[in-house]
Amino acid sequence: MFKLISSEPLSEPLKKVLSIIKSEKKVNRKTIMKKLGLPRATATRHLSKLKEIGLIDFVGSSKIGYYTTPSKKKKEVQNE
């Protein structure tokens, strides 16, 4: 079960990353880097933060995996 770490609103860079993931459904780190012009470390940090607070999931292996928003079914399980 995921819980928000803080009640603070998301920063603008995190909102941008989340927006891309929501609009494209399956996104890898390289796509985020290209679309936002971010260095690898920054993209990784933003994705890790969003994953930590439960707004995105990582699916697959480290080489060919992707980020996506949590499925509706998974959200229902987390809320129980």
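What follows draws every value from the coordinates through simple rules; no lab data is involved. The model shown is predicted, which means the values in this text are computed figures rather than measured ones. Note that we place each Cβ from the backbone using ideal geometry, even for glycine, and neighbour counts take in every protein chain shown.
Key figures
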{"item": "Longest to shortest principal axis, alpha-carbon extents of the range 12-79, angstrom", "result": "35, 27, 20"}
{"item": "For Pro13, net neighbour charge (Lys/Arg +1, Asp/Glu -1) across residues whose Cβ lies under 11 Å away", "result": "+3"}
{"item": "The range 12-79, relative contact order in percent, only Cα pairs under 8 angstrom and at least six apart counted", "result": "33"}
